[in-house]
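Input: a single structure, listed below in structure tokens.
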Amino acid sequence: QAKAQGRNNYQFYAPDMHRAAMERMRLEQDLRHALSLKEQQLSLHYQPQVNLTNGKMVGIEVLLRWQHPKMGMINPTRFIPLAERMGIMTELGEWIFDQACRQFQSWCQAGLLEERVILALNISRRQLTQPDAVAKIQAILARHGLPEHRVSLELTENALRDEQGAITQRLEQLRALGVHIALDDFGTGYSSFNQIHCLPIDSLKLAQPFVNKIGQDAKNDAVVKTIISMAHTLGFDLIAEGVETREQAAFLQDHGCDCVQGFFIHPPLGSPMMTRLLQSQLTNK
Ligand code: C2E
Ligand code: MG
Ligand code: MG
Ligand code: MG
């Protein structure tokens, strides 16, 4: 584009492009280093998923955090695509699963989690399409003694782009073992409407943009209602993500959405905070 605007402009843009490339290379280096140091820079946050009919916690989603030594906390939307490109997402994903299962089991053993609460793990397309993905996941769960039916895997709608059957097959294998499958960011990405009814999934996660606009745009509200009813017609649970206000939660509850997740309910919490929350829920019963 710069080139099309003339030679001089190209000269002007080149250093910026160079700088961006350099920054990306440095970030890649730092990420590789972070993966070698693991818990020194990487940590997991946990966000409750709550049932709207009784207010009870039904799931805990695991969200990765990277504390960069100089740049501070870096958002996963910024570095996960990088990890995928670098070919280290599978290794990173396995570390996340292992840590999360260990933490979840320790909460179970402390009597802090009821049987209905499941562990929700985000899985990248790359991680899922590894030849031994299913066996690896099974091995991690087995290592921690976590039954398959206590785990949900969240795959983004976009991960199904150009799906030729390989991903669906993996999902079917995992479901046969009892693992729940959720389609994340539903409605924003690649539209899988033509095949949504035959996907091997248990729930849809209504993407944040729809939830943000609740009560502000009648057409958006109509779409949300339609998605809730479509999900139920097809036999899927619907989890709304990014619920930030009482109005949004009330609208979702009034229209029969099953579960919610978001700052209005609980933000993602580090494990000490999450432990305290679980303890307080136990004593409040
Ligand atoms: P996601 O799975 O859709 O996760 C929801 C994102 O929304 C999280 O961002 C969460 O912190 C944020 N969030 C939760 N409640 C609210 C709210 O009320 N308002 C707003 N504005 N945001 C809210 P986060 O942690 O930055 O993660 C972003 C994305 O990165 C995730 O989207 C997921 O796709 C990916 N990701 C995070 N952790 C992992 C991981 O361990 N493995 C993989 N493969 N992907 C991950
Ligand atoms: Mg998710
Ligand atoms: Mg999402
Ligand atoms: Mg997302």
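The values are calculated or read from the model by the stated rules, or taken from the named source; none is laboratory data. Fair warning: this is a prediction, and the values are worked out from it, not measured in the lab. Backbone-built Cβ (ideal geometry, glycine too); neighbour counts: all protein chains shown. SASA here: full protein model, heavy atoms, side chains in, ligands and nucleic acids out. Shrake-Rupley method; radii C 1.70, N 1.55, O 1.52, S 1.80 Å.
Before moving on, here are some points about what is shown:
- Apolar share of the accessible surface for region 178-285: 54 percent from carbon plus sulfur atoms, 1.4 Å probe.
- Here region 240-270 and region 147-161 have alpha carbon centers that stand 20 Å from each other.
- Only Cα sites of region 143-285 enter the Debye sum here, all with the same form factor; the resulting log10 I(q)/I(0) across q = 0.12, 0.16 1/Å is -0.57, -0.96, listed in q order.
- Neighbour-limited loop hits for chymotrypsin sites (Phe, Trp or Tyr not before Pro), region 196-255 (at most 13 other Cβ within 10 Å; DSSP other than H, G, I, E, B): none
- Within-12-Å neighbourhood charge of H149 [Cβ basis; K, R +1; D, E -1]: 0
- Loop trypsin sites (Lys or Arg not before Pro), region 35-106, which have at most 12 other Cβ atoms in a 10 Å radius of their Cβ (DSSP): K70
- Surface share of carbon and sulfur [accessible, 1.4 angstrom probe, percent] for region 72-148: 50 percent
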